[in-house]
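Here the structure is laid out as structure tokens; the discussion comes afterwards.
The values are calculated or read from the model by the stated rules, or taken from the named source; none is laboratory data. It should be emphasised that the depicted structure is a prediction, and the values quoted were computed from it without experimental measurement. Backbone-built Cβ (ideal geometry, glycine too); neighbour counts: all protein chains shown. Surface accessibility is based on the protein's heavy atoms, side chains included, excluding ligands, DNA and RNA. Shrake-Rupley method; radii C 1.70, N 1.55, O 1.52, S 1.80 Å.
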Amino acid sequence: MSKLFSQQVPAPSTSTLEVPSRRSFFRSGGQLTLSAMALTMLSGLNAKVATASDKQTMIDIQIINTAIAAEHEAVAAYQLGAESGLLSTPILNVAVQFQGHHKEHIDALTKAVKSLGAEAVDPLAKYLFPVEKLKSETDVLTFAASLERGAVSAYAGAIPLFEQRELSKAAASILADEAMHWAVLRQALGLDPVPGAFFS
């Protein structure tokens, strides 16, 4: 088992632009880090809880726990990819960093749930990933990119549902991180990292 992980399982282009190699792209992509903004935004929630209706607070808790469950799945998915033996070193290094981001998301969201007087959901004992279909690095990258795209959609849907502004801001910060992951993975697959002016 890889010891890099603590949890077991998983601009328009022009002719003058230099297209980065896979290796150089991942070296630069690996420098992406999650902003502490989400944690900052989630601080001080206790003072806001009293003003929120009980029903809306329960809805907020449910939304956050759904996000935590998805983040646990992402951590497990990156674990699976790392242990597959299919990833080259530069891509593995970025996978490690991305998994770390998801763990940071879990920590921030867990603190938010606790500040609302509830408990965060735990990871599943086992995830039903399409292991039999992961036969190459491209397969693993495609799988990870699909999860990251799903996360972007989920956070985009959650942002307007929160009653507390701090939660919406935190979700937006995490969404931005997920979108960067998705773009990096698409670039690694040889796809346009930002395929359109609008996400759909």
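Side notes on the structure shown:
- Portion, in percent, of the accessible area of region 61-128 that falls on carbon or sulfur, probe 1.4 Å: 55
- In the structure shown, the pairs 111/169; 111/133; 133/169; 55/111; 55/103; 126/169 are assessed against 26 Å; a Cα-Cα span above that value is assigned to 111/133; 133/169; 55/103; 126/169.
- Net charge contributed by nearby residues that have their C-beta within less than 13 Å of residue 178 (K/R +1, D/E -1): -3
- Cα-derived Rg to Rh of region 44-200, Kirkwood definition: 1.01
- Of the trypsin sites (Lys or Arg not before Pro) found in region 130-173, the ones in coil according to DSSP and having at most 11 other Cβ atoms within 10 Å of their Cβ are 135.
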